[in-house]
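One structure is given here, and the rest of the page talks about it.
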Amino acid sequence: MDTSVHLVLVHRNRGATCRATVDRFLAQTATLDGLTLRVTVVDNGSDSAELALVRQDLPAGIDVVETGANLGFGPGANVGLARWLDGDEPICLVAPHDARPADGTVEALVRELLAHPEAGLACADVGDGQVPRVQPWLGPIGEPAAGRDADGPDSGDGVRWEEADYPHGTLMALRRECAEQIGFFDERYFAYCEEADLGLRARASGWTVGLVRGALVENPESNTDAAVIDHLMVRNTLLLLRVHFGMANMAFRIGVVAAEHVVGWWRPTVRGPYHTGRARFRAVLDAIMGRFGPPPGIA
């Protein structure tokens, strides 16, 4: 494999973690002949001490772009993606600051995307045994992979290609021609569901999306309040359904949110890990009123 790849890492207030992530990606490509990696770290308004940890002993040639504010994952990634398109690398990888690719994941992800010229987007495997799907009445879901035929042969190292509706945001890859055609992340999402929107837009433009099964990655950290996560997931799912499937689908999902809240109030043990009644009410109201971008309380 003889190609150059751009990596965009989106960082906020986890300097040591981000610095270790940079080293982890560089180590994966250092031993591969013909695969070169250019890295851009987009800092979303981190504290000065955390930003200093990112820059500490940083290898030459790695760019750190300071946005000066918490733009969110999608808008922050867009800053790095714009820099990618100013260069000539055919593929860009995008990940959060705590992404931990297993050995061989970067090479497998790039190799499989190059082997599928019909694909505009691809992602690594988060190890949940599911395929990312978008259900028109519910939004992003995981479809169990058990019982499904692989879309391509095993490469011999346990890696295979499976078609998906959208890529996982933990570690995804974009093909230059696809990005030039459909653009970057819709910044109304701020964070969560932006990769589902991107996948649907790519597929609507004739591209396919792939999940590289066996190319494992994880992101074990989260520094976002549960209520903020719940707000964003509910609000952005409603936006996704409205944009891609219509108002009736959005209204149905609002009904599901209401039913989930009633059941969760009656039986708290069935609530999801981020379930917050007030955040969900505000999320539904914001979606109906068209209030998107940064959620309440984000600075």
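Just so it is clear, none of the values below were taken in a lab; they were calculated from the coordinates. The model shown is predicted, which means the values in this text are computed figures rather than measured ones. Methodologically, a virtual Cβ is constructed for each residue, glycine included, from the backbone with ideal geometry; neighbour enumeration extends over all protein chains shown.
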0 to 90° range, to nearest 10: angle between helix 277-289 axis and the chain longest Cα axis: 80 degrees
The chain, relative contact order in percent, only Cα pairs under 8 angstrom and at least six apart counted: 19 percent
Chain lengthening between residue 2 and residue 143 when straightened (0.36 nm per residue, less Cα-Cα): 47.3 nm
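Can you tell me the convex hull volume per residue for the chain, based on C-alpha atoms, in Å³ to the nearest whole number? Can you show the working numbers first?
Working: hull volume 39.9 nm³, N = 299.
Per-residue hull volume (Cα only) is 133 Å³.
In the calculated pair distance distribution of segment 7-51, what percentage of Cα-Cα distances lie above 13 Å?
That fraction is 55 percent.
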Added length on full extension, which subtracts the Cα-Cα distance from 0.36 nm per residue, residue 55 to residue 32: 5.8 nm
Inter-part distance where segment 14-32 and segment 208-250 are each reduced to a Cα centre, Å: 26 Å
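Can you order the peptides 282-295, 89-102 by their average number of other Cβ atoms within 10 Å per residue, highest first?
In decreasing order of mean packing, 282-295, 89-102 become 89-102, 282-295.
So, counting K/R as plus one and D/E as minus one, what does the shell of residues with Cβ under 12 Å around residue 139 add up to?
Details: positive: 133, 235, 242, 253; negative: 165, 197.
My count for the surroundings of residue 139 gives +2.
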Cα-based shape type of segment 25-84, given that a ≥ b ≥ c are square roots of the gyration tensor eigenvalues and the cut on a/c is 1.5: oblate
Whole-Å semi-axes of segment 182-239's equivalent ellipsoid (Cα gyration tensor): 23, 18, 9
